[in-house]
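Here's the structure we're looking at; comments come further down.
The values are calculated or read from the model by the stated rules, or taken from the named source; none is laboratory data. Worth saying up front: this structure is predicted, and the values here are computed from it rather than measured. Don't worry about glycine lacking a Cβ; one is built from the backbone with ideal geometry, like all the others, and counts go over all protein chains shown.
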Amino acid sequence: EKRNPGEVEFHQAVYEVAESVIPFILDNPVYQKAAILQRMTEPDRSIIFKVVWEDDAGNIRLNRGYRVQFNNSIGPYKGGLRFHPSVNLSILKFLGFEQTFKNSLTTLPMGAAKGGSDFNPKGKSDREVIRFCQSFMTELSHYIGPNTDIPAGDVGVGAREISFMFGQYKRLRHEFTGALTGKALEFGGSLIRTEATGYGAAFFMEAMLQHRDDSIRGKKCVLSGSGNVALYCAEKIIQLGGKVVTLSDSSGFIYDEQGIDADKLAYLIELKTHQRGRISEYAEKYRCDYFPTQSPWNIRCDLAFPCATQNEIDKKSAHALVSNGCIAVAEGANMPTTIEAIKVLQHAKLLFAPGKAANAGGVALSGLEMTQNSVRLSWSATELEDRLATIMKDIHRQCVKYSDDGDYVNYVNGANIAGFIKVANAMLAYGV
Ligand code: NDP
C-alpha cells in the first residue's frame, strides 16, 4: 500500500491473489527466492497521456488516456480498453493484474495489459466518438502492434469504437495488421467474439455443475448488467435450458418471473446494442416488474451471474443469495464480488467462479482472432464455439487440479495458483 497509495481496487485484486498464492509459494520456495509474486504485482510500464479532441459545438475537450502493460512473459501484452468516467490508474492496474492470471489460464500465449480513458462515450455523437478515438489512437499507436501489445474492447468500447481506432491505426502505421481485436468481420474480426465472454461464463457454470452431476437445465438464474457480457450469457443459459429472470443496467433491474425467452432476448439485444435504450423499456413492453436503482441479488434463484461491474455483490447481497437458496455464482464481470462477499459464499459452500476463470472466454476468443489474423483465415462459428467450449472446460480442469480445499472445489485458489504457475515458470526461465 505504501508503494501504491490510494489504489484501492488494485490492492483488492492483489490481496485476493496473494491469499491463495502465498501458501503455495511457501511450499515452493523457488518462487519466493526469485521474488516472483512481488515482480508480478509491478506493471512493466504504465503509459499515461493527454487526449485532446473537439466536440460538435467546437469546444476543445481534454481527457486522459492510459495503457498499463503488465506482463509479457508468456506472450505479447493483451487486454481491453475501457472508456468510462470512473477510469483511473488503480482500476486499470487491477484489471491488468487480473488479466495476467486470466490470460495464463486460457492456455493461449498471451501476456497482460489494460488501458482506456476517463472519456464517456454515452450521449456523444458518432462524430465526437470518432474524433476522440482518432486522437486517443494517435498516441496509443506508438506503444502497440501485433507482436507487442494487442488491445481489445471493454466497458464503453464496442465494435464501433474498435473500428474507429483500427482505421486510425492503419492510417498512421501504413500497414494492415491485427493490432486490435474485436474488429468487424469485414476487416479481420472473428465470429463469436461478441458472444464469447457471456457464452464462456455459461459454459464455466455448466462445467462446475457437471462436476457435481448437475446442470443448468431447469435452473432459475439471476443476471446483472445488460451489456455485451450479460446479454450473451443469458443467450447461452437459455440455450442450455436455464430460466433467466433478471437483467439490469445502471438505472435498475427487471424481474420477469415468466423467464426471458429467446424472442424477448432478441428484443433486448436490439434495444441495448443498436438503439442504446434503457432496460426499463423492457418492463414496459412485457409488463414485468422493474426496480429502479436496485440490484437483483434479493431475488430467489439457483444460480447468479454478476455481469455488470466491479464490487456489485457486497457482503449483504452475498447473505441474501445464500439465504435465498442460490447454489452457485459465476462472475461474468471483473471483480464484481467483494472479498468479504466471496468469504460469505464460500463459507456457505456455494460454488464460486472468479472472473479470471469464468469470463476468460472473451480474451480466449481474442487470442483466436489473433491466430486467424496471422494465418489470414476465418474459422466458422461452429469451430470457434467448439474451441471456446474446450478452453472453458480446460480452465475448469486447471482450477479443480489446483484447488486445495478437500471435496469443496475452491475455484479462487485453483484459478490463482494455476494462472500463477505458468507465468512464474516463464519468469524463472528468463533468469532475472
Ligand atoms: P458493457 O459496457 O457492454 O455493459 C456493462 C453493463 O453493466 C451495462 O448494462 C451497464 O449499464 C452496466 N453497468 C455499468 N456500470 C454499472 C454500475 N456502476 N452499476 C450498475 N450497472 C452498471 O460492458 P461489458 O458487458 O463488456 O462488460 C461488463 C463487465 O465484464 C466489466 O466488468 C468488464 O470488464 C467485464 N468483461 C468484459 C469482457 C468483454 O469481452 N466485453 C471480457 C471480460 C470481462 P448502463 O448501460 O446503464 O451503463
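Within the range 329-378, restricting attention to residues that are assigned to a helix (DSSP H, G or I) and among the β-branched types (Val, Ile, Thr), which residue is nearest to the chain's Cα centre (by Cα)? Out of the qualifying residues, it is Val363.
Residue-by-condition table, conditions (1) under 23 Å from Gly156 (Cα atoms); (2) free of Cβ contacts under 8 Å to residues at least 40 places away in the same chain; (3) part of a loop (DSSP other than H, G, I, E, B):
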position	(1), (2), (3)
Ser20	no, no, no
Pro43	no, no, yes
Val52	yes, no, no
Asn63	yes, no, no
Arg67	yes, no, no
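Mind listing whichever residues of the range 74-111 are surrounded by fewer than 22 Cβ atoms within 10 Å (Cβ to Cβ) and more than 13 Å from the ligand (Cβ to nearest atom)? Break it down into steps so the answer makes sense when it comes.
Taking the range 74-111 as the starting set, the residues that turn out to be surrounded by fewer than 22 Cβ atoms within 10 Å (Cβ to Cβ) are 74-76, 84-86, 88-90, 107-109.
Correct list: Ile74, Gly75, Pro76, Asn88, Leu89, Ser90, Thr107, Leu108, Pro109.
Every test in (1) farther than 26 Å from Ala357 by Cα; (2) within 15 Å of the ligand (Cβ to nearest atom); (3) surrounded by fewer than 19 Cβ atoms within 10 Å (Cβ to Cβ); (4) of a type outside the set (Phe, Trp, Tyr) is passed by Gly158 save one, and that test is (1).
Once the range 221-274 is narrowed to residues that are closer than 23 Å to Gln310 by Cα and among the acidic types (Asp, Glu), the residue that is modelled with the lowest pLDDT is Asp249.
Highlighted here are the strands (runs of 3 or more DSSP E) found entirely within the range 229-308 that include at least 2 residues which are touching a helix residue (DSSP H, G or I) at 6+ places or on another chain (Cβ under 9 Å) and within 11 Å of the ligand (Cβ to nearest atom): 243-249, 252-255.
Residue-level check: of (1) out of contact with any Gly (no Cβ under 6 Å at 6 or more places or on another chain); (2) closer than 25 Å to Asp249 by Cβ, Asp154 misses just (1). For Leu191, the conditions (1) assigned to a loop (DSSP other than H, G, I, E, B); (2) touching a Ser or Thr at 6+ places or on another chain (Cβ under 6 Å); (3) not aromatic (Phe, Trp, Tyr) all hold with the exception of (2). Per this entry, Gly182 is not counted among residues that are under 18 Å from Ala358 (Cα atoms), surrounded by 23 or more Cβ atoms within 10 Å (Cβ to Cβ) and not hydrophobic (A, V, I, L, M, F, W, C).
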